[in-house]
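S.K.: The structure under discussion is supplied below as structure tokens; questions concerning it will follow.
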Amino acid sequence: MYKSLLIFKYLRKRRIAWVSLIAVMLCTAMVLIVISVMGGWLEMFKAKFRGMSGDIVVYRSSLSGFGGYEQMLEQIRALPDVDAALPLVRTFGLINIDNQIIEGVQITGLDVTAFTRPNKDGQRFNSFRESLWRQYQKPVQDGQKPPATASFDLLPDIDYSAYRPNDPQAANRPGIIVGGPLVGMKKDSSGHTVDVPGLYYHWARLEVVPVSSDFRTLRDVTPSSNIYWIVDASQTQLYQLDANSVYVPFEVLQKDLQMTEQTYTENIQGKDVQMTQPARCSEIQIKIKPGANRDKVIGDVGKIVYDISDKLQPGLFPPVRVEPWEQQQAKFLGAVEHEKTLVTFLFGLISIVAIFLVFCILYMIVVEKTRDIGILKSVGATSQGVAGIFLGYGFAIGVVGGAAGLGLAWVIVHWINQIHDTMAHVLGVKIWDPETYAFDKIPNTVDPPTAAVIFGVAILSAVLGAVVPAMRAARLNPVEALRFE
Amino acid sequence: MSNALNNPIIQCHGLTRTFKMGDAEVHVLKGVDFEAAAGEFVAIEGRSGSGKSTLLHLLGVLDEPNDGRISFDGRDLLKLSATERSKVRNESFGFVFQFYHLLPELNVLENTLVAAMVRYSRGEYRKRKAELRQQAVASLDSLGMAHRLHHRPAQLSGGERQRVAIARALMNRPRVLFADEPTGNLDAETGGQIMGVLEGLHRQGQTIIMVTHDRAIAKQADRVVVLRNGAVEPEMV
């Protein structure tokens with residue numbers, strides 16, 4: 001009883017202890033703010049990448065892609081736990097927009113209608129639809145209903161021939177969805193997207209290099225080009241992705257890359273033999289049914305993929321892989337994850353200062369309270385009891401400082417965007433620029449389990465800081481302590 | 001050598017205590033024999049440096065001798081563990097010091113109750129809280145301190161502080177009350193009042209062992225043991 005009474009009294013009346021309490025509070029708040037913002041950033045990244053992918057990805061680390069995908073798709077779609085499976089073609093190329101913008105881009109060929117069509121439960125393959133400015137974001141912003149599925153269809157009210165008078169095929173060109181930043185689509189200071197006037201009157205020429213499995217050098221291949229009309233802009237909020245991505249119809253890109261089924265003649269032992277190279281794709285994205293065991297589906301898909309691939313191209317290197325979506329994005333997510341770990345570690349190191357401060361201040365208090373320790377021992381307090389006072393004191397500093405730190409962190413994280421805006425307004429300092437950063441807003445949620453762990457560590461640190469002073473107090477000889485001046 | 005008592009409550013035999021001061025050794029007690037009977041008021045008198053406070057500390061197991069034996073109620077105190085000695089200090093002994101030694105953060109009532117708080121577990125203390133509080137208030141009242149229950153030591157005079165120290169020492173109804181120069185820091189009048197309090201306690205049967213350098217104060221005890229150069233001189237009263 002005397003321990004808690006003295007801890008309470010010392011905590012209230014020894015103001016020097018407030019310094020260590022403030023140190024614990026600031027360290028707790030600092031670590032929690034960093035983890036919350038970095039963790040929130042990572043979660044947003046994950047969610048965005050997740051939203052742009054299926055649950056499972058079948059791919060091959062080669063621009064030449066892999067054959068037999070139609071057969072694979074047929075068998076994968078027949079698996080009971082698979083909701084949908086869609087092929088993609090990915091490559092790199094040059095884009096020339098109206099002879100004004102020329103950039104190297106990552107090109108994805110996809111069946112955008114299939115990707116954005118709801119299934120019988122109203123679920124779409126992923127959230128690619130939500131990234132489309134004209135076909136989703138703008139109607140939503142204007143309070144209108146967006147189309148149920150997205151498409152590469154040309155806009156009906158544009159006379160495309162007028163914008164390419166010398167092109168007899170102008171009105172029959174396919175559509176292209178470009179990454180917003182590529183055409184100068186930006187967010188204003190409040191994070192709202194600013195439309196690009198006249199965007200849909202612009203054509204884009206894509207130059208790609210067909211790469212087959214026997215590709216040796218660029219000199220042996222002829223680049224193929226195609227003209228598209230810009231029909232939409234993609235704003236996934238992943239700036240790095242949007243800044244260099246374009247999307248075109250699957251069949252068009254597959255054809256331009258000569259990844260459709262090819263027949264050719266090969267002279268074998270003096271005889272011309274008609275050979276067929278199967279159609280190829282770069283990826284198969286698979287969406288599994290809710291509640292399905294993903295690892296089991298990966299195993300089932302793997303079997304299908306390896307069987308077919310092995311029959312078509314035995315010993316294919318690199319092989320076709322079947323992986324969960326996050327593994328395929330590991331290099332992006334891993335970088336952010338490592339950054340979070342590193343920053344947390346660095347701030348954790350700074351927090352050692354709190355332990356040291358608790359140690360110094362409690363040591364000072366023990367010295368200052370030497371006579372009190374003697375008094376307590378004279379009335380029968382044991383050495384363990386005296387140690388308990390100072391360990392409890394450290395614990396109380398940890399609890400109060402940690403709780404105050406959690407509160408402070410919660411307030412700062414919760415209002416971080418407002419604080420940031422005020423800083424920008426008053427001081428002209430803008431750290432998080434929505435025009436540049438992947439996300440409009442700084443992540444502002446505190447994860448309760450993380451907060452609980454940090455709170456626990458804060459208490460543990462304060463108790464650790466109190467161990468040596470408590471031991472010193474316990475070892476004091478009562479008579480020497482009573483005579484201390 | 002002190003009187004041989006029939007039924008001593010506390011006694012020591014051949015106590016020696018040596019302190020190291022750098023390379024030198026200071027022999028403060030050189031084989032002291034002492035005993036006090038239950039209900040006796042004994043004064044240990046001696047000049048400054050004679051070892052009287054050291055003897056009191058050893059008898060109260062606040063310190064450990066280099067040699068000798070201390071027994072309380074027939075038990076050899078030096079054979080007890082540190083925790084058991086703490087228990088003896090808490091339950092059977094009470095201390096009053098020259099400089100009062102009150103805890104500055106606690107008020108008068110809390111200072112008085114601290115010995116009871118040490119004695120009982122949290123649960124037991126909560127159960128007995130009202131009774132203990134009543135006892136502490138009654139004790140403070142009998143010492144004329146009832147009007148100062150919620151004052152802190154810094155707000156009290158020397159005499160008042162010493163009364164609180166006495167109330168704290170008596171809280172667990174000790175078998176032996178040790179008083180180390182209880183009037184040493186007080187003016188003559190206040191010192192006289194404190195001695196009056198001790199005499200009153202003695203009349204109620206309290207065993208008191210008091211250390212003083214003041215012969216006049218010592219004479220108020222039943223018996224005076226004089227310490228000189230670390231050894232007991234023949235009885236004077």
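S.K.: Taking a 1.4 Å probe, which of A:F345, A:F125 shows the most accessible area, and what order do the others take after it?
M.R.: A:F345, A:F125
S.K.: How big is the accessible area of A:L349 in square angstrom, nearest 10, if you roll a 1.4 angstrom probe over the protein chains?
M.R.: 80
S.K.: Points 7 angstrom from Cα along the Cβ direction at B:R128 and B:S142: gap in nanometres?
M.R.: My value for the distance between the label points is 1.7 nm.
S.K.: If r is the Cβ-Cβ distance from A:F8 to A:V353 and R0 is 35 Å, what FRET efficiency results, to the nearest 0.05?
M.R.: The computed FRET efficiency comes out at 0.85.
S.K.: On to the next question. So what's the angle, to the nearest 10 degrees on a 0 to 90 scale, between helix A:416-427 and the longest Cα principal axis of chain A?
M.R.: Taking Cα atoms only, the helix is inclined about 90 degrees.
S.K.: Turning to a different aspect of this structure: Which FRET efficiency, nearest 0.05, do B:Q155 and A:E207 yield, Cβ-Cβ r, R0 60 Å?
M.R.: For B:Q155 and A:E207, the calculated efficiency is 0.05.
S.K.: Follow-up question, since we're still on this one. Can you give the Rg/Rh ratio of chain B, where Rg is from the C-alpha atoms and Rh is the Kirkwood radius?
M.R.: 0.97
S.K.: Most mobile of B:G94, B:G196, B:G184 per a Gaussian network model of chain B (Cα springs, under 10 Å)?
M.R.: Evaluated over chain B, the most mobile residue of the options is B:G196.
S.K.: Let me check I've understood the local charge: for A:Y264, count other residues with C-beta under 12 angstrom from its C-beta, Lys and Arg +1, Asp and Glu -1. What total comes out?
M.R.: Neighbourhood net charge equals -4.
S.K.: How charged is the neighbourhood of A:F250? Take every other residue with its Cβ under 13 Å from the Cβ of A:F250, and add Lys/Arg as +1 and Asp/Glu as -1.
M.R.: -2
S.K.: Another one. For the range B:8-231, what is the accessible area per residue in Å² when the probe is 1.4 Å?
M.R.: 42
S.K.: Can you give me the angle between helix A:2-13 and the longest principal axis of chain A, using Cα atoms only, in degrees from 0 to 90, rounded to the nearest 10?
M.R.: With both axes taken from Cα atoms, the answer is about 70 degrees.
S.K.: Compute the acute angle (0 to 90°) between the alpha-carbon long axis of helix A:352-368 and the principal axis of greatest extent of the alpha-carbon atoms of chain A; round to the nearest 10°.
M.R.: Long axis of A:352-368 versus the principal axis of chain A: about 10 degrees.
S.K.: Separate question: May I ask you to rank A:T445, A:T91 by accessible area, largest first, using a 1.4 Å probe over the protein chains only?
M.R.: Correct descending sequence by accessible area is A:T445, A:T91.
S.K.: Report A:Y264's accessible area, 1.4 Å probe, all protein chains in place, as a number in Å² to the nearest 10.
M.R.: Counting only protein heavy atoms, the figure is 90 Å².
S.K.: Quick one: work out the % antiparallel among DSSP beta bridges in the protein assembly as shown, nearest 5.
M.R.: In the protein assembly as shown, DSSP labels about 70 percent of beta bridges as antiparallel.
S.K.: Along the Cα→Cβ direction, 7 angstrom out, place labels at A:V453 and B:M21. What is the inter-label distance in nm?
M.R.: 6.0
S.K.: Next question, about the same structure. Over the heavy atoms of A:F484, what accessible area does a 1.4 Å probe trace out, to the nearest 10 Å²?
M.R.: Answer for A:F484: close to 80 Å² accessible.
S.K.: How high is the FRET efficiency from A:I102 to A:K441, r the C-beta distance, R0 25 Å, rounded to 0.05?
M.R.: Efficiency for this residue pair is about 0.15.
S.K.: Something else: Would you calculate, for chain A, the mean residue ellipticity at 222 nm contributed by helices, counting each DSSP H stretch of 4 or more residues as -39,500 (n - 2.57) and dividing by all residues, to the nearest 500?
M.R.: Value at 222 nm, helices only, nearest 500: -15000 deg cm²/dmol.
S.K.: Between the range B:12-60 and the range B:160-221, what is the separation of their alpha carbon centroids in Å?
M.R.: Using only Cα atoms to place each centre, the spacing works out to 19 Å.
S.K.: Looking at the protein assembly as shown, what % of the alpha carbon pairs are farther apart than 48 Å?
M.R.: The answer is 49 percent, as a whole percent.
S.K.: Using the Karplus equation 6.51 cos²θ - 1.76 cosθ + 1.60 (θ = phi - 60°), what ³J(HN,Hα) coupling, rounded to whole Hz, does each residue of the range A:466-482 give in order, writing x for Gly and Pro?
M.R.: 8, 4, 5, x, 5, 5, 5, 4, 5, 7, 4, 6, x, 5, 4, 5, 5
S.K.: Roughly how many debye, to the nearest 20, is the charge dipole of the protein assembly as shown about its Cα centre, given +1 on each Lys and Arg Cβ, -1 on each Asp and Glu Cβ, and no other charges?
M.R.: Dipole size: approximately 2560 debye.
S.K.: Still on this structure, I have one more. So what is Rg over Rh here for the range A:335-485, counting just Cα atoms and using Kirkwood for Rh?
M.R.: Rounded to two decimals, Rg/Rh equals 1.18.
S.K.: Mind checking the full-extension length gain between A:M275 and A:F215? Use 0.36 nm per residue of separation minus the Cα-Cα distance, one decimal, nm.
M.R.: 19.8 nm
S.K.: Where the centroid of each part is defined by its Cα atoms, how far is the range B:111-141 from the range A:51-104 in Å?
M.R.: Comparing the Cα centres of the range B:111-141 and the range A:51-104, I get a distance of 79 Å.
S.K.: Between A:V194 and A:T113, what is the label-point separation in nm under the 7 Å Cα-to-beta-carbon projection?
M.R.: Going from the A:T113 label point to the A:V194 one covers 3.6 nm.
S.K.: Across peptide A:12-19, how many C-beta atoms of other chains are within 10 Å of each residue C-beta, on average?
M.R.: 1
S.K.: Follow-up. Out of the range A:151-252, which trypsin sites (Lys or Arg not before Pro) are coil in DSSP terms and have no more than 15 other C-beta atoms within 10 Å?
M.R.: A:R216
S.K.: While we're looking at this one, here's another question. When Lys and Arg each count +1 and Asp and Glu each count -1, what net charge do the other residues less than 11 Å away from A:A170, Cβ to Cβ, add up to?
M.R.: The answer is 0.
S.K.: Given only helices, namely DSSP H runs of n ≥ 4 each adding -39500 (n - 2.57), what is the per-residue ellipticity at 222 nm of chain B, to the nearest 500 deg cm²/dmol?
M.R.: Estimated from H runs of four or more residues: -11000 deg cm²/dmol.
S.K.: Rank A:H338, B:H151 by accessible area, highest first, at a 1.4 Å probe radius?
M.R.: So the residues, ranked largest to smallest area, are A:H338, B:H151.
The values are calculated or read from the model by the stated rules, or taken from the named source; none is laboratory data. No experiment lies behind these values; they were computed from the predicted model shown. Because the Cβ atoms are built from the backbone with ideal geometry, glycine has one as well, and the counts that use them run over all protein chains shown. The protein model used for the area step is the full one, side chains on, heavy atoms only, and it has no ligands, DNA or RNA in it. Shrake-Rupley method; radii C 1.70, N 1.55, O 1.52, S 1.80 Å.
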